[in-house]
Amino acid sequence: MELDLQGKVALVSGGTKGCGLAIAAELAREGARVVVVSRNRDNVEAAVAEIEAAGGEVRGLAADMTTAEGIAAAVAAARAAFGPPLIAISNVNAPDGPTVERPRWGFEDVSDAEFDRGYEILVRSVVLLTRAVLPAMKAARWGRLLNIGSKAVKVPHLPPSPMVLSNVGRMGVVGLMKDISLEYGIYNITANVIATGAFATRRSHAYFESRGLSIAEQEANLRKAAIGASRFGRPEEMGWLAAFLCSDRAAFISGEVIGISGGMSVAMM
């Protein structure tokens with residue numbers, strides 16, 4: 001499918017590994033001029049090299065996209081390299097959650113300071129990025145805001161492993177994207193959330209390995225239970241969905257939560 005993203009400037013936070021890198025690579029493959037951002041300079045350089053090797057037009061920046069300073073630097077870098085970003089992908093890491101040492105992250109397990117930090121990571125960062133890119137989108141009368149969230153917005157993390165920071169914060173972003181879609185749709189700006197399921201990324205591998213398991217063992221458990229596609233998603237599958245949602249082919253999709261979980265989510269909608 002021709003997505004007609006040629007020349008569009010895309011800013012991808014968390015765009016150097018896993019699904020974020022797959023999204024950046026797919027946008028570049030479709031002709032977008034991409035700026036990838038993460039905190040680790042080595043990861044940024046590796047991602048830029050990979051996308052360039054595939055023929056993409058890309059720049060990279062090491063910055064913390066949960067801070068006002070990092071977001072301002074990223075938007076400035078995109079402007080200097082290509083022009084104002086009209087596609088903004090928010091893909092920040094989730095706040096701290098269950099580990100072997102600390103398995104419970106329910107309401108009474110989380111401090112006020114941890115609630116504040118969870119809000120900064122999941123909600124405030126998206127607010128700041130939206131404020132930074134919205135004026136140019138309005139002026140161009142075209143824009144795409146896309147948050148890479150979690151299927152927790154449809155089916156929250158439940159006991160015995162509650163994750164209250166994720167449950168609360170990610171729903172805040174859903175409300176923000178809905179509000180943006182209503183207020184700024186007249187400018188041909190869309191705002192959506194991707195509700196992700198389990199994907200086979202390095203982070204997922206590390207998570208399960210810390211519990212003495214592997215991705216293959218987890219997929220075998222899913223096959224036994226006959227749940228959905230009974231496998232983990234591939235990062236490129238996330239890239240395909242994100243690129244479509246950023247294109248004119250998806251101009252009438254806005255204010256929505258789009259699930260991608262291989263049918264593993266038990267939510268009806």
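Once you charge only the Cβ atoms, +1 for Lys and Arg and -1 for Asp and Glu, what is the size of the charge dipole of the chain about its Cα centre, to the nearest 20 debye? Walk me through the numbers on the way to the answer.
Numbers: 28 positive and 28 negative charges, 65 e Å.
Charge dipole of the chain: 320 debye, to the nearest 20.
Ranked by the mean number of other Cβ atoms within 10 Å of their residues, highest first, the peptides 228-236, 109-117, 121-129, 184-192 fall in the order 121-129, 184-192, 228-236, 109-117. Tell me the angle of helix 235-245 to the major Cα principal axis of the chain, expressed in degrees between 0 and 90 and rounded to the nearest ten. That helix lies at roughly 50 degrees to the long axis.
Name the residue from Val173, Met65, Asn188 whose Cα lies farthest towards the positive end of the charge dipole of the chain, charges +1 on Cβ of Lys and Arg and -1 on Cβ of Asp and Glu. Of the listed residues, the answer is Asn188. Ranked by the mean number of other Cβ atoms within 10 Å per residue, highest first, peptides 27-33, 53-59 order as 27-33, 53-59. The mean sequence separation of alpha-carbon pairs under 8 Å and at least six residues apart, normalised by the residue count of the chain, gives a relative contact order of 20 percent.
Give me the compactness ratio for the stretch 55-180, meaning the Cα radius of gyration over 2.2 N^0.38 Å. Could the numbers behind the result be given before it?
Numbers: Rg = 16.4 Å, N = 126, 2.2 N^0.38 = 13.8 Å.
Taking the Cα Rg and dividing by 2.2 N^0.38 Å, one obtains 1.19.
Pairs over the 25 Å Cα-Cα cut-off, from the set Lys8/Lys154; Lys17/Lys138; Lys138/Lys178: Lys8/Lys154; Lys17/Lys138. In terms of packing, defined here as the mean over residues of other Cβ atoms within 10 angstrom, the peptides 34-40, 254-260 line up highest first as 34-40, 254-260. With all pairs of separate Cα atoms included, the stretch 1-67 yields a Kirkwood hydrodynamic radius of 11.4 Å.
The numbers here are math on the coordinates, done by the rules we state, and not lab data. This one's a predicted model, so the numbers in the text were calculated from it and none came from an experiment. Every residue, glycine among them, receives a Cβ derived from its backbone with ideal geometry; neighbour counts consider all protein chains shown.
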